[in-house]
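To start, the structure itself, in C-alpha cells.
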Amino acid sequence: MVVEFIGATLGFQERLLRYFGPAFEWEFRFVDTPPPEVCGWKRSVDVIVAPAELFLAKTQSFCAAQRPVVVHGARDHLSACFLSGCSDYLREPFGADELFHRVAAALPRARFQWLGMPVVLEVAGVRCGERLQPLRFAEQRILQTLLRNCGVPVAREALHRTFSHRELGASRVIDVHVSNLRRKLDHLVQHASPSIAASQLQAVRGLGYRFGPCE
C-alpha cells in the first residue's frame, strides 16, 4: 500500500518514519506539490495525505488523482475541505496512530467472489465472513492490480512494478507470490464453505496472470 504525503515538513517525515519503523509494510512517499492537473497523477498511489492550505489551493490537481485524499489542518478549514472533496480530515494536532487509522479507513474495499464465496480485500488482508487472512504487501498489490483489470491478462513485469522498482528479469518471484496468494484465498474460503471450485487466478501462457471470470 502506497501513501503519498504532499507538502510534509521534514520534522513531520522524521516523526512518521520513527513511529512506524523500517519494517512497516506500507510504502511512504514524500513530495512537495501535486502534479499539474493537465499532467494527471501517473504515480502508483493508494492514498494521498496533504495539508489543508495546499489542498484548498490546488483542489483540481488533487481531484484529478482520483484517489482518496486525507487532509490535515486547523478546525477552520474542515468544512471547506470536505466541500472540496476530501475523504477525511485530521484536526491538528494528531498522533501517528490516528493518522494510520484514518488512512486505512479511506482505502476503498474491493469486493469479489472466490470459489463462490464473497470476499473483501481490506488493508489488513482478505476477509470472508468473520475470517481474516493476512496478506503480504506484494500479494496485496498483485491482487489489487488483477482486480482492477478483472478478466484481462496482466503481464508479470507489470505486476512486479506494483511493489518493486527492481528489474524482474528471469526471476520467478511473481509466480511464487501468485501461488501463495491463491493458496491463502483457497484456505480462507474452504474454512467458510466446503465447496471447491476451479481457481479464478489463472496463468495465461506468454502473457502473465488473469483474475476471472468476473461477476
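The values are calculated or read from the model by the stated rules, or taken from the named source; none is laboratory data. Not measured: the values here are computed from a predicted model. Reconstructed Cβ throughout: ideal geometry from the backbone, glycine too, with neighbour counts over all protein chains shown.
Would you confirm, using the coordinates I've provided, whether Arg43 is outside any helix (DSSP H, G or I) and modelled with pLDDT under 85?
So Arg43 passes the test.
Scan the stretch 183-206 for residues that are over 30 Å from Arg29 (Cβ atoms) and either of a type in the set (Asp, Glu) or at pLDDT 75 or above (or both) and jot them down.
Arg183, Asp186, His187, Leu188, Val189, Gln200, Gln202, Ala203, Val204, Arg205, Gly206
With Asp46, Asp76, Asp97, Asp32 as the choices, which residue is surrounded by 14 or more Cβ atoms within 10 Å (Cβ to Cβ) and among the acidic types (Asp, Glu)?
None of the others qualify; the one that does is Asp46.
Go through the stretch 128-140 and count every residue that is within 17 Å of Gln190 (Cβ to Cβ), among the charged types (D, E, K, R) and touching a residue at least 12 places away in the same chain (Cβ under 8 Å).
Count: 1.
Could you check the stretch 2-14 and list, in sequence order, the residues that are at pLDDT 85 or above and of a type outside the set (Gly, Ala, Ser)?
Those that are at pLDDT 85 or above and of a type outside the set (Gly, Ala, Ser): Val3, Glu4, Phe5, Ile6, Thr9, Leu10, Phe12, Gln13, Glu14.
Just to confirm my filter: which strands (runs of 3 or more DSSP E) fall fully inside the stretch 104-196 and include at least 2 residues that are surrounded by 16 or more Cβ atoms within 10 Å (Cβ to Cβ)?
110-114, 117-121, 125-128
Output the residue which, of all residues in the stretch 79-94 that are of a type in the set (Phe, Trp, Tyr) and surrounded by fewer than 17 Cβ atoms within 10 Å (Cβ to Cβ), is farthest from Gly11 (Cα to Cα).
First pass over the stretch 79-94, keeping only residues of a type in the set (Phe, Trp, Tyr): 82, 89, 94.
Now narrow it down to the ones that are surrounded by fewer than 17 Cβ atoms within 10 Å (Cβ to Cβ): 82, 94.
Values: Phe82: 26, Phe94: 14 Å.
Among residues in the stretch 79-94 that are of a type in the set (Phe, Trp, Tyr) and surrounded by fewer than 17 Cβ atoms within 10 Å (Cβ to Cβ), the one farthest from Gly11 (Cα to Cα) is Phe82.
Test each condition in (1) hydrophobic (A, V, I, L, M, F, W, C); (2) free of Cβ contacts under 8 Å to residues at least 40 places away in the same chain; (3) more than 30 Å from Gly206 (Cα to Cα) for Val123 and report the one that comes out false.
(2)
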